[in-house]
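Working notes, beginning with the structure itself.
The values are calculated or read from the model by the stated rules, or taken from the named source; none is laboratory data. As the structure is a prediction and not an experimental result, all values here were calculated from the model. Glycine gets a Cβ as well: all are built from the backbone with ideal geometry, and neighbour counts include every protein chain shown.
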């Protein structure tokens, strides 16, 4: 009876917390460092015709559309111009142009809903109009094959470049690649980092190896971002995430780590289970001479998934990562970088699509974060780095 009474007493508090969280989500600009909508549409054979213009506005597919974003308070999702590592620089540049054209087309054909944004000021102006801003970041710097390409992509609207992706490239080493070509930045990569700063493009160290990170920090004249990375403390041995020392170093640089929401990024135990199940399924398919994309593999995968159901982290874990960054570096160095539409069916409970940002804010309120703190996490921290990048470029 006492437990029931306590629960009833707590109900108004939690109801108020959720309501307050939603109000703050709509009051403050929420930026997200990484949303993979463009490539999701590309792999669905996106055509630049009007029949497709409704996809980003309202859809039951994927993790992002306008209606769900407005429900969640998302105001400035960075559209990821994702370049697969397997493409050579020429192929990558063609794809980058195609995806940039797509994002521009979406905004042009849906002017009541979206606007392209290339600065914090443009995001704020778009927010005042009740629209969603679409800044762009290029995930994988491989299309930069000549130093002049940096200026080219700046003119095309790219506001950050992730130096590499899943494989080491001609710029630097990747955290996912066992082959370390450069033991950090290549000589050309050093030129690229310097030129990015001069052109006003944010330097993104998500996906890079540890040695690359430290090389960038030594060289960069501006704060850097990790557009969609999490904290290695919770996923020991996972180099894709940032170590405690890297986060402390990021503070000294003035940069921001934007927390990735994927369950395998935020929960080491979930990562172990998923990796073990994935390995077991792969072995079964290999024994039958099948790939997971083969039609004959589908019933095998379905049967396996019934006996090995997917496991997920929880939104609480995302806030644990925010807490960890704040304890190491302070409130000025953390943001949100979901990787929506990029991490597949691994999003945590309570963060299944872009309508769920208030769930993060609710937990932040319950853990004692102030409104000022929450505003910093939502956008102010990233805006500070973005503006410093633009201001630095203005001196050239």
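Per-structure values
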quantity	calculated
Helices (runs of 4 or more DSSP H) wholly inside the stretch 61-180 containing at least 2 residues that are more than 25 Å from residue 43 (Cβ to Cβ), in the same structural domain as residue 209 (by TED's automatic domain parsing) and free of Cβ contacts under 8 Å to residues at least 24 places away in the same chain	120-128, 148-155
Tally of residues being touching a strand residue (DSSP E or B) at 6+ places or on another chain (Cβ under 8 Å) and part of a loop (DSSP other than H, G, I, E, B) across the stretch 315-332	0
Residue check for residue 228: over 27 Å from residue 391 (Cα atoms), in contact (Cβ under 8 Å) with a residue 60 or more places away in the chain and crowded, with 17+ Cβ neighbours inside 10 Å	no
Filtered residues of the stretch 166-180 (kept if more than 18 Å from residue 232 (Cα to Cα) and crowded, with 19+ Cβ neighbours inside 10 Å)	168, 169, 171, 172, 173
Helices (runs of 4 or more DSSP H) wholly inside the stretch 235-314 containing at least 2 residues that are within 25 Å of the chain's Cα centre (by Cα)	244-253, 263-266, 268-287
Conditions (1) modelled with pLDDT of 95 or more; (2) closer than 30 Å to residue 247 by Cβ; (3) surrounded by fewer than 17 Cβ atoms within 10 Å (Cβ to Cβ); number of the one not met by residue 310	(1)
Residues that are part of a helix (DSSP H, G or I), over 13 Å from residue 65 (Cβ atoms) and at pLDDT below 60, drawn from the stretch 31-53	50, 51
Test: residue in the stretch 333-342 that is crowded, with 16+ Cβ neighbours inside 10 Å, modelled with pLDDT of 95 or more, at positive phi and part of a loop (DSSP other than H, G, I, E, B)	yes
Residue 279 surrounded by fewer than 18 Cβ atoms within 10 Å (Cβ to Cβ) and closer than 30 Å to residue 222 by Cβ	no
Of residues in the stretch 343-355 being within 16 Å of residue 22 (Cα to Cα) and within 15 Å of the chain's Cα centre (by Cα), the one surrounded by the fewest Cβ atoms within 10 Å (Cβ to Cβ)	353
Residue match in the stretch 100-109 (condition: modelled with pLDDT under 95, surrounded by fewer than 23 Cβ atoms within 10 Å (Cβ to Cβ) and over 23 Å from the mean Cα position of the chain (by Cα))	yes
Search result, residues across the stretch 351-379 that are part of a helix (DSSP H, G or I), farther than 17 Å from residue 69 by Cβ and out of contact with any strand residue (DSSP E or B) (no Cβ under 9 Å at 6 or more places or on another chain)	362, 363, 364, 365, 366, 371, 372, 373, 374, 375
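Conditions (1) modelled with pLDDT of 95 or more; (2) under 22 Å from residue 390 (Cβ atoms); (3) buried (at least 17 other Cβ atoms within 10 Å of the Cβ), marked per residue:
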| residue | (1), (2), (3) |
| --- | --- |
| 182 | yes, no, yes |
| 196 | yes, yes, yes |
| 211 | yes, no, no |
| 220 | yes, yes, yes |
| 223 | yes, yes, yes |
| 234 | yes, no, yes |
| 240 | yes, no, yes |
